[in-house]
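A short write-up of the structure that comes next.
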Amino acid sequence: MEAGDTLLINSGSTTKQVIRSLKMSNVRIITSNLGAVIEAQESEMELILIGGLLRSQSNSLVGSLATLSLQQVYGSKAFIGVDGLSVKYGLTTPILEEAEIAREMIRRTPGPVIVVADHSKLSVVSNFMSAPIDQVDMLVTDQGLSNELREELEKIGIKVIIADLNPQI
């Protein structure tokens, strides 16, 4: 991240971890993730919640008000959590309203779109498409990613980053 970045970040446990890792960064986060409120306390980040209808099952904000507020901003980068990522079927989630928020965040990001997902979500297809795979610039995942899928993703131009889940302090 660069100082001054505006990051669009959707809801989910993996994206909450992204927000946690940015605690001491001088960035602006625009998010549907209510868990970000706790993470932003005593941090250097500026946090903007998009508003909308509370979806308590995912601790997120969704609906037409959320989409309308996203239509007023642009992000320098987007971090998108998914329930499924497939080369053929793209980014998917089981909840229509969550797919709409992710889709709008991707649409409002002229910079890189970064998908964050552990290996259990890769090659999985869920009910609703957020975006086709060609809208993804980077995938951050864990060491469970198969070599075959990594090669396939890199072949279509997606940079793959394996996250260090046990960083040395």
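Things to note:
- Residue match in the range 97-112 (condition: among the hydroxyl-bearing types (Ser, Thr, Tyr), under 16 Å from LEU7 (Cα atoms) and either at pLDDT 95 or above or part of a helix (DSSP H, G or I) (or both)): yes
- Note on the range 4-45: among residues that are farther than 21 Å from ARG103 by Cβ and among the β-branched types (Val, Ile, Thr), the one that is surrounded by the fewest Cβ atoms within 10 Å (Cβ to Cβ) is ILE38.
- Looking only at residues in the range 8-23 that are assigned to a loop (DSSP other than H, G, I, E, B) and within 10 Å of the chain's Cα centre (by Cα), the one that is nearest to MET105 (Cα to Cα) is ASN10.
- Only residues that are part of a helix (DSSP H, G or I) and either among the β-branched types (Val, Ile, Thr) or in contact with a strand residue (DSSP E or B) (Cβ under 8 Å, 6 or more places away or on another chain) (or both) were counted across the range 24-59, and they come to 4.
- Any hit, the range 140-155, residues being buried (at least 17 other Cβ atoms within 10 Å of the Cβ), under 13 Å from the mean Cα position of the chain (by Cα) and outside any loop (DSSP other than H, G, I, E, B): yes
- Of residues in the range 61-75 being in contact (Cβ under 8 Å) with a residue 40 or more places away in the chain and more than 13 Å from the chain's Cα centre (by Cα), the one nearest to THR109 (Cα to Cα): TYR74
- Unique match (being touching a helix residue (DSSP H, G or I) at 6+ places or on another chain (Cβ under 9 Å) and either assigned to a helix (DSSP H, G or I) or of a type in the set (S, T, N, Q) (or both)) among SER126, SER120: SER126
- Of all residues making up the range 108-137, the number that are free of Cβ contacts under 8 Å to residues at least 60 places away in the same chain and surrounded by 17 or more Cβ atoms within 10 Å (Cβ to Cβ): 14
- Filter result (in contact with a Phe, Trp or Tyr (Cβ under 6 Å, 6 or more places away or on another chain) and within 24 Å of ARG20 (Cα to Cα)) within the range 120-169: none
- Screening the range 60-96 for residues that are part of a strand (DSSP E or B) and touching a Pro at 6+ places or on another chain (Cβ under 7 Å) and picking the one that is farthest from GLU2 (Cα to Cα) gives GLY90.
- Of everything listed in (1) surrounded by fewer than 20 Cβ atoms within 10 Å (Cβ to Cβ); (2) more than 23 Å from ILE50 (Cβ to Cβ), the single unmet condition for VAL73 is (2).
The values are calculated or read from the model by the stated rules, or taken from the named source; none is laboratory data. It should be emphasised that the depicted structure is a prediction, and the values quoted were computed from it without experimental measurement. Note that each Cβ is placed from the backbone with ideal geometry, even for glycine, and that neighbours are counted across all protein chains shown.
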